[in-house]
């Protein structure tokens, strides 16, 4: 086999690239840097050993992942791709705590709304009862607020009670 | 520190003498043989030694721990390794972010009634979230594309997805900050509207007639006066009202609004102002 058809792995290792070279399909000669990273971190023999343990249809994916891990390790020799994992974990924790906080606020607003609805229903029920009450009772109510008709009294109670929960 | 009697896990596995300047000894104690075995299987002892020799002694422990983590991940998942963990975490993060976005939308409905600010529907943001609702469309989640022979494209896809993730996170943080500002403004607007309603009811109670709609626009002055004592504005600070809420533009000149009113309403509005003021004092 001529030098021009050797894969990047065999070219880097300066060996003959056979037809059944395990690494040839995944390390084309057009991208020598890819194999250089993988070789530096994992080593050619470890890479070959790991690929031989996998079925053919999964080897390309495995090489892509190993190439990603190797290039991350070359860029960051201390943490490599583990840095991305810890950053993601921190972001998940932050997002989860914010989600819990937001859901708490929603629950608070829901409870507030329900309370307001219950108060409104009570007011309406009281107003309804007021219409059904005997005249001596409604007239005593009017004595408490002279010069004010029943509609104004209901409006006042409505606004006072409803808006009282706003602040 | 290992002595000749107790070799470190690395020298024990390699069946060699563990010297005092053994680079592995501080980080691979004899009681953790599996740690070095995993690292040796995946990376190889010589490669690990080369990596450690290039680092400062202070950084070596973290490097060894991260290498051990990667090796364990690679052995438990020979195809994806650490990249599989990254994909899972990315997916989980995006699911949480979608839930957070929906929760904030729901919270905004409480603040503003049914109004939702248009920026919540920015086209650059929503399509990505909608796209993630479909779990089968995993190409945007996994950081690689299994193309087989096209390995160069796979590597680029990984880096591109990393950049996209970073951009998305920055964009989402910016959007969340804007949303928070909008929610606060909407809460204040809703509070002002509720206060207006209350004042209208007070006026109706006092005078026995419904005030015109623009008379209710005076009320934010009163509201602001109560909430900004330092402003020194009178309850009906007509003409000097400062509108902090860009949405309500009708309250700029309340006195000006009174003048074009029909005569009967205008005449009745004049004597009512002291009553409104006294009512404000009482309440």
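Throughout, read-outs are computed from the coordinates displayed, never taken from laboratory work. Note that the coordinates shown come from a computational prediction; the quantities given were computed from them, not determined experimentally. FYI the Cβ positions are ideal-geometry reconstructions off the backbone, even for glycines, and counts take in every protein chain you see.
When the Cα atoms of segment A:50-91 are aligned to their principal axes, the ranges along those axes come out at 36, 22, 13 Å in descending order. In this calculation the C-beta distance from residue B:91 to residue B:55 is compared with R0 = 35 Å, giving a FRET efficiency of 0.60. As a proxy for reagent exposure, ranking A:94, B:72 by other Cβ atoms within 10 Å from fewest up yields A:94, B:72.
Approximating the spin labels as points 7 Å out from Cα along Cα→Cβ, the residue A:125-to-residue A:5 distance works out to 9.2 nm.
Rounded to 0.05, the FRET efficiency of the residue A:49 and residue B:46 pair, given R0 = 22 Å and the Cβ-Cβ distance, is 0.90.
How many Cβ atoms of partner chains, on average, are near each residue of B:30-42 if near means within 10 Å of its Cβ? Averaged over the peptide's residues, the number is 1.
Quick one: if the Förster radius is 35 Å, what FRET efficiency do residue A:30 and residue B:170 give, using the C-beta to C-beta distance and rounding to 0.05? Computed FRET efficiency for residue A:30 and residue B:170 comes out at 0.55.
In terms of surrounding Cβ atoms within a 10 Å radius of their Cβ, A:102, A:48 rank from fewest to most as A:48, A:102.
Maximal additional length on extending the residue A:111-residue A:20 stretch stands at 25.8 nm, based on 0.36 nm per residue less the C-alpha distance. Annotation: the residues B:11, B:82, sorted from fewest to most other C-beta atoms within 10 Å of their own C-beta, follow the order B:11, B:82.
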